[in-house]
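Worksheet: the structure to be examined is printed underneath.
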Amino acid sequence: MSDVRVIIQRDSERDERVVATGTTAAELFAGERTIVAARVAGELKDLSYEVRDGETVEPVEISSEDGLNILRHSTAHVMAQAVQELFPEAKLGIGPPVRDGFYYDFDVARPFTPEDLKAVEKKMQEIQKRGQRFSRRVVTDEAAREELADEPYKLELVGIKGSASTDDGANVEVGGGELTIYDNLDAKTGELCWKDLCRGPHLPTTRNIPAFKLMRNAAAYWRGSEKNPMLQRIYGTAWPSKEELKAHLDFLAEAEKRDHRKLGNELDLFSVPDEIGSGLAVFHPRGGIIRRTMEDYSRRRHEEEGYEFVYSPHATKGALFEKSGHLDWYAEGMYPPMQLDGGTDYYLKPMNCPMHNLIFDARGRSYRELPLRLFEFGTVYRYEKSGVVHGLTRARGFTQDDAHIYCTREQMAEELDRTLTFVLNLLRDYGLTDFYLELSTKDPEKFVGSDEVWEEATAVLQQVAEKQGLPLTPDPGGAAFYGPKISVQCRDAIGRTWQMSTVQLDFNLPERFNLEYTAPDGSRQRPVMIHRALFGSIERFFAVLLEHYAGAMPPWLAPVQAVGIPIGDGHVEYLQEFAAAAKKQGLRVEVDASSDRMQKKIRNHQKLKVPFMIIVGDEDMAAGTVSFRYRDGSQENGIPKDEALAKLAKVVADRVQV
C-alpha cells in the first residue's frame with residue numbers, strides 16, 4: 001500500500017506527515033476528542049473523509065463556529081428521527097443550525113404540544129445513547145427522488161440542487177453541486193435506522209452530542225414564503241458541554257425576565273393592540289414619559305451640535321420613490337400603494353431621505369451653508385413579514401431619529417469624525433458604554449460610483465473609526481450599493497449585541513436628485529451625503545434600554561422618579577407639599593394616598609421599579625425631614641426636605657443610575 005503526504009494546519013503551524021493511503025481525518029486526529037470535522041481545501045469534511053496526497057487538512061474544534069454548526073445540525077437530524085419515530089406520518093421540511101441552536105420543520109396533522117416536545121426530547125436521548133453512525137453517500141437526482149418519494153418537501157429541494165438559498169436554510173441540504181444523503185446506521189449491525197437529504201458534514205456518531213435541549217415550537221411557512229404551506233417548527237439548542245448548556249439556559253432565563261414586551265405590559269408602558277395591527281405599537285402615559293424624555297434630550301443635544309430640525313409627511317406620491325430608487329429595490333418592504341387623485345399612487349414612506357433631499361433642493365445652496373445637517377424624528381412604515389415582527393425591535397411603524405448631512409468633499413473626513421463622536425457620546429449619555437465598530441465595504445458586484453471615490457471614502461471611514469480607539473470589525477462586501485458605512489454595535493448589561501447607529505455615505509441619491517451647491521469659484525458641485533440614524537428608531541432604542549436596565553430605568557428616564565409613602569393618613573398632606581415642591585423643579589414625584597398598608601405600597605412601587613420612595617412618619621413631620629428608600633431596599637433616614645429635594649434633583653440632572 002502506497003503512502004500519501006499531507007499537511008496538518010493549525011493556525012500558523014504546519015506539520016507535514018506521511019500516512020498510509022486510506023487514512024481518514026479521524027485517524028489523523030486520533031485521541032483529540034474535541035475535533036469533530038476537518039477542513040480540506042476550504043471545504044468542511046466528515047472525519048471519515050480519506051485524505052489524499054498533497055492535501056492540507058485543518059482540524060475543526062467543536063467549540064469553533066463551524067464545529068458548533070456541525071454539532072447543532074447533527075442534533076437537528078436526531079430530533080427529526082425522533083419525531084418520525086413518534087409521529088410516523090410527519091413529513092420532513094428543513095433543519096438547519098441557527099445562532100445558538102437549530103430547528104427542524106415538519107408537516108404534521110396538528111401542532112406539537114409541550115407534552116410532545118418532552119416525548120421527542122426523551123426519544124432523542126435514547127437515539128443519542130445508541131451511538132448511531134452518521135454515514136454520507138452521494139446519490140443521483142433520480143435515486144434521491146426514488147428514495148425520498150414519500151417526502152414531498154425533500155423532492156422540491158432536489159429540484160433546486162446547487163442554487164438553494166441561505167435565507168430559508170435550504171442550502172444545508174442541497175447547497176452543493178452534488179446530492180448527498182446521510183444515513184443513521186446502527187452502531188452494532190450497521191442497519192439503516194433513518195436517513196435525510198443533507199450536505200453535511202456531521203459528527204461521527206450520535207454519542208458525540210454532549211448536551212442538548214428542546215426549547216419551543218412555532219408555526220412557520222415552508223421556506224419562509226407566505227404562499228407556501230404552514231409547517232410546525234421545533235427549536236432546540238446544543239452545546240459542547242452540559243456546563244455550557246446550563247449557562248446558556250440561565251442566560252435565556254435572564255433575557256426572558258428582561259424581555260421588553262413582558263416589561264412593557266408589567267410596567268404599563270406600551271401595547272400592540274390587535275385592533276391596530278401587528279408591529280404597530282401605542283405608548284401608554286408612563287411609556288410616553290420615557291419616550292418624550294428620550295426625544296427631548298436628543299433634540300437638545302442635536303440643537304447644540306448644529307442640526308436643523310425639519311418635518312415631512314407620512315405619505316407621498318410614488319414618483320418620489322421611483323426617483324430615489326426605492327421602488328426598484330425596496331418595493332417588497334413597502335406598504336401597497338393607495339390610488340388617489342384620479343389614479344395617482346401614494347405610498348406610506350419607508351424612508352425619510354428622499355424628502356430631505358427635496359428640502360435641500362428647495363432653493364439654491366452655497367458652499368457657505370455646508371455642512372447642512374438636517375434632523376427629523378420621522379415616522380416611517382415598512383411591511384415586515386408577520387414572522388419577523390418582534391415587539392418594538394422589529395416593527396411595521398416606527399420613528400427614526402434620522403439625520404442627513406450634506407457637505408463638500410473636503411469637509412467629508414471632519415464631518416464623519418464629528419458625527420461618529422457625537423453618536424457615541426449621545427449613546428453614552430443614555431448609559432450604554434460597551435461598543436465596537438463595524439466597517440462595511442464595497443461589494444465588487446454591486447456598487448455605484450467610481451472605484452477611486454469608494455477607496456477614498458472607505459479610507460476616510462477607516463481612519464475615523466480607528467480614531468475612536470474602539471475595536472473595529474471588517475464587513476467586506478457588506479456595504480449597500482450606494483456607499484460604505486460604519487455601524488456602532490453595543491453590548492448590553494447581559495452581553496447581548498445590538499446594532500445601534502449607522503453612519504452611511506451615499507454616492508447614489510445626490511446623483512439621482514441632481515443635488516448641487518455653488519462652490520467658491522462659482523461652479524456647480526455635487527455634495528457628499530451622509531445618512532445617520534443614531535437610535536435606529538425611537539421604539540427600538542426604547543426596547544434596548546428597557547432590556548438593558550431590566551425595566552429599572554435611571555431616574556432621569558423613569559416615568560415616576562420618586563413616590564411618597566405615608567406611614568399614616570396624617571402624613572399625606574406633608575408628602576403632597578414635598579411632591580408639589582419637587583414638581584416645581586421639574587421632578588416627577590407622586591404620593592400614594594391609597595388605603596393600602598405601607599408595606600403593600602412599598603411592594604407595589606418596587607414592582608413598578610420606581611427609583612426612590614420618600615417615606616414619612618410622625619418624627620419626620622416634627623423634624624421637617626423625610627426618609628429615602630432606594631431600589632435595593634436600603635434606607636437613609638432623617639434627611640431635611642430641602643436636602644432631599646436637592647439630592648433627587650442632582651441624581652436626575654447627572655443622569656446616573658441608582
- request: Give the number of residues within segment 484-536 that are out of contact with any strand residue (DSSP E or B) (no Cβ under 8 Å at 6 or more places or on another chain) and part of a helix (DSSP H, G or I).
  value: 2
- prompt: Failed condition for Pro201, given (1) in contact with a strand residue (DSSP E or B) (Cβ under 7 Å, 6 or more places away or on another chain); (2) assigned to a loop (DSSP other than H, G, I, E, B); (3) free of Cβ contacts under 8 Å to residues at least 24 places away in the same chain, with all others met?
  reply: (3)
query: With (1) more than 19 Å from His531 (Cβ to Cβ); (2) buried (at least 18 other Cβ atoms within 10 Å of the Cβ) as the list, and Asp451 as the residue in question, which single condition is left unmet?
result: (2)
Within segment 87-146, considering residues that are among the aliphatic types (A, V, I, L, M), out of contact with any helix residue (DSSP H, G or I) (no Cβ under 7 Å at 6 or more places or on another chain) and assigned to a loop (DSSP other than H, G, I, E, B), the one farthest from Ala211 (Cα to Cα): Ala109
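Results for (1) farther than 28 Å from Leu545 by Cβ; (2) of a type in the set (D, E, K, R), shown as yes or no for each residue.
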| residue | (1), (2) |
| --- | --- |
| Lys583 | no, yes |
| Asp592 | no, yes |
| Arg603 | no, yes |
| Arg629 | no, yes |
| Pro640 | yes, no |
| Val656 | no, no |
statement: Within segment 413-457, the residues that are part of a helix (DSSP H, G or I), within 14 Å of Gly477 (Cα to Cα) and either among the aliphatic types (A, V, I, L, M) or in contact with a Gly (Cβ under 9 Å, 6 or more places away or on another chain) (or both) are Trp454
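For Ala459, are the conditions met, namely being farther than 28 Å from Arg299 by Cβ and either more than 24 Å from the chain's Cα centre (by Cα) or touching a residue at least 24 places away in the same chain (Cβ under 8 Å) (or both)?
Working: farther than 28 Å from Arg299 by Cβ: yes; either more than 24 Å from the chain's Cα centre (by Cα) or touching a residue at least 24 places away in the same chain (Cβ under 8 Å) (or both): yes.
Against the criterion (farther than 28 Å from Arg299 by Cβ and either more than 24 Å from the chain's Cα centre (by Cα) or touching a residue at least 24 places away in the same chain (Cβ under 8 Å) (or both)), Ala459 qualifies.
Quick check, is Tyr307 exposed (fewer than 15 other Cβ atoms within 10 Å of the Cβ), among the aromatic types (Phe, Trp, Tyr) and either closer than 30 Å to Glu266 by Cα or at pLDDT 95 or above (or both)?
Values: exposed (fewer than 15 other Cβ atoms within 10 Å of the Cβ): no; among the aromatic types (Phe, Trp, Tyr): yes; either closer than 30 Å to Glu266 by Cα or at pLDDT 95 or above (or both): yes.
No.
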field: Residue that is modelled with the highest pLDDT [pool: residues in segment 1-21 that are under 10 Å from Asp53 (Cβ atoms) and among the charged types (D, E, K, R)]
entry: Arg5
task: Could you list, in sequence order, all residues of segment 237-266 that are closer than 30 Å to Glu539 by Cα and not in a helix (DSSP H, G or I)?
output: Thr237, Arg258, Asp259
Gly483 more than 16 Å from the chain's Cα centre (by Cα), in the same structural domain as Gly449 (by TED's automatic domain parsing) and at pLDDT below 90: yes
task: Show the residue pairs that are 6+ apart or on different chains and have beta-carbon atoms under 6 Å apart, the first residue being within segment 204-228 and without any contact (Cβ under 8 Å) to a residue 24 or more places away in the chain and under 17 Å from Asp105 (Cα atoms), the second being basic (Lys, Arg) and buried (at least 17 other Cβ atoms within 10 Å of the Cβ).
output: Ala218/Arg233
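The values are calculated or read from the model by the stated rules, or taken from the named source; none is laboratory data. Not measured: the values here are computed from a predicted model. Reconstructed Cβ throughout: ideal geometry from the backbone, glycine too, with neighbour counts over all protein chains shown.
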